[in-house]
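Below is one structure, written out as structure tokens, with a few remarks after it.
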Amino acid sequence: MTLGTVMAMAAPVRGPGSPRHADTRREIVSAAWDLAAERGLLGWTLKDVAEVVGMRAPSLYVYFAGKNDLYDAMYADGCTALLARGERISRDGAPVDVLRRVARVYVGFCVANPARYQLMFLRTVPGFTPSQSSYALALEILRLTREVLDAAGAGSQADLDLWTALVTGLATQQISNDPGGRRWRRLTDDAVTMYAAARCLR
């Protein structure tokens, strides 16, 4: 066995699909989220991200084709996080109680990270459209929402539209008008009670 062979075997695998490559991608996404929280979704560059993770800007293109590609990974990361929270919500109890839990999780998720909320639910970044694979995660969130509403007896498209307008409106008001506070977030249970009454749920 030659010295070159030994060195090649000892070197970490960094190519696409390798654990090291995946770890670095996650590190870059995390750094991008930190910058977005500090400066807004549009207030940073790939060079800024590279500096945070300790690499030269050209090296970033090994992991992401451009800024929109990084936005897409952030979008998928956000959807994955929300899905994980949604899947842990208990479905036990009266339908209105389940809806209250769902609403609290959604509104809390949004207000905890306004930049994440803006990327996932608003058209904040000009020219950005999530990829098919990332958007499939968003559709899975919608499927889970429909499932909960169907179980509560609110299975129509109008029921879903009103629900999304309600919880998204609470999150938007909280983020826009009382960042860091609870002025609108504390109304979540009341809003769900009104929704349930309007849709004749119990």
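Observations
- The set of residues from the stretch 74-98 being surrounded by 19 or more Cβ atoms within 10 Å (Cβ to Cβ) and under 10 Å from the mean Cα position of the chain (by Cα) comprises Met74, Tyr75, Ala76, Asp77, Gly78, Cys79, Leu82.
- For the stretch 173-202, taking the residues that are in contact (Cβ under 8 Å) with a residue 12 or more places away in the chain and polar (S, T, N, Q), the one that is farthest from Gly108 (Cα to Cα) is identified as Thr193.
- Candidates Leu137, Leu149, Leu99, filtered to the one that is touching a Cys at 6+ places or on another chain (Cβ under 6 Å), assigned by TED's automatic domain parsing to the domain that holds Ile175, at pLDDT 95 or above and not in a loop (DSSP other than H, G, I, E, B): Leu137
- For the residues Gly169, Gly181, the requirement of being at pLDDT 95 or above and under 19 Å from the mean Cα position of the chain (by Cα) singles out Gly169.
- Residue satisfying all of: in the stretch 125-175; surrounded by fewer than 18 Cβ atoms within 10 Å (Cβ to Cβ) and of a type in the set (Asp, Glu); farthest from Glu87 (Cα to Cα) among these: Asp161
- Conditions (1) part of a helix (DSSP H, G or I); (2) farther than 22 Å from Gly127 by Cα: number failed by Met55: (1)
- Annotation note: Cβ proximity below 7 Å between a residue of the stretch 125-141 that is at negative phi and a residue that is surrounded by fewer than 18 Cβ atoms within 10 Å (Cβ to Cβ) and part of a loop (DSSP other than H, G, I, E, B) (sequence gap 6+ or interchain) occurs for Val125/Leu42.
The values are calculated or read from the model by the stated rules, or taken from the named source; none is laboratory data. Source: prediction; values computed, not measured. Methodologically, a virtual Cβ is constructed for each residue, glycine included, from the backbone with ideal geometry; neighbour enumeration extends over all protein chains shown.
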